[in-house]
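Data first, discussion second: the structure below is written as structure tokens.
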Amino acid sequence: MCVLWRYLWVIGAWAVCGAALASGQIRVFTTDYPPYAAPGLKDGGAAVQMLRDILRPLGHSVHVDYLPWARLARELKQQRYDLVLLAWPGDLSQHGLLPSSAWFVSRLGLFVRREQLSKAGLSIEALRGQSVGVVRDYAYPPEILASGLHIELGTSDEQNLRKLAAGRFDYALLEHAVGRYLLRRQAAGMQADEIVWQEPALAELPIHVGVVPGRPNSAALLQALELGLQAYKRDGSYRRLLLQHQLDGVPDIHPPRPARRP
């Protein structure tokens, strides 16, 4: 009975959200961020697919624009968008966005040339004086940027992997899932086995959907995202998405069940 009541409560809450979001189109700002989002990917990328799947039960249409991340501040000032897909904690704080629950985990770390792989791992302290490729305008954790590394600015993760393969710098700093995606597709003809991921990750950051405050129905939209994420996980869709796209997901932590009496 308790399980049935909980399902009925969720259905009722969805109905409230659906009524609140009944009019208008949800406009979404995202950038070229494979495998999560990219105009050339099937369904627009894993996160775009997930967003559409979550909001589809509300009968709501979603319009996605893929724009350079550097334009986000300007676009938010013009109040053209309802959602930002996807955002790290630093992005949420910088742009004053309302965070959804985390959708994915960004395992941020180093890709290295195979001959440089360290079985003992690399710490942030070990990066002092080393040249590391990063992407301009990304909100990297400040403790990594302040570790004494020599920063090489690039325009994309793919460009940085190509430069790393060519020996232009020592390491490339990017997400585990993003780097694996690019290497699986042998970016720009680069041989995937030349570049490998260095465990452990230097940081693990939650990745959120950012709801733009002040937009019509922003509170209802945030609630719809929360309820939709719960349902998406409950019916197994989330797990299937992670496996299909080889993403790092958010673990569900359940309290221990009380022992049953014999």
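The values are calculated or read from the model by the stated rules, or taken from the named source; none is laboratory data. In this text, all values refer to a predicted model and were calculated from it rather than measured experimentally. Positions of Cβ are generated from backbone atoms using ideal geometry, with glycine treated the same way; all protein chains shown enter the neighbour counts. Calculation scope for accessible area: heavy atoms of the full protein, side chains included, ligands and nucleic acids excluded. Shrake-Rupley method; radii C 1.70, N 1.55, O 1.52, S 1.80 Å.
Remarks
- Taking only protein heavy atoms and a 1.4 Å probe, the accessible area of the stretch 26-84 is 48% carbon and sulfur.
- Cα-based radius of gyration for the stretch 28-104, normalised by 2.2 N^0.38 Å, reads 1.06.
- The stretch 82-110 and the stretch 145-170: distance between their alpha carbon centers, rounded to Å: 22 Å
- Entry comment: accessible area of the stretch 42-175 is 46 Å² per residue, from protein heavy atoms only and a probe of 1.4 Å.
- Spin-label pair residue 131/residue 146, simplified geometry with 7 Å Cα→Cβ offset, distance in nm: 2.6 nm
- Residue-span extension gain [residue 230 to residue 77] - 0.36 nm each, minus C-alpha spacing: 52.0 nm
- Residues in the stretch 70-106 reached by a label modelled at residue 184 [backbone nitrogen below 17 Å; 7 Å Cα→Cβ]: 104-106
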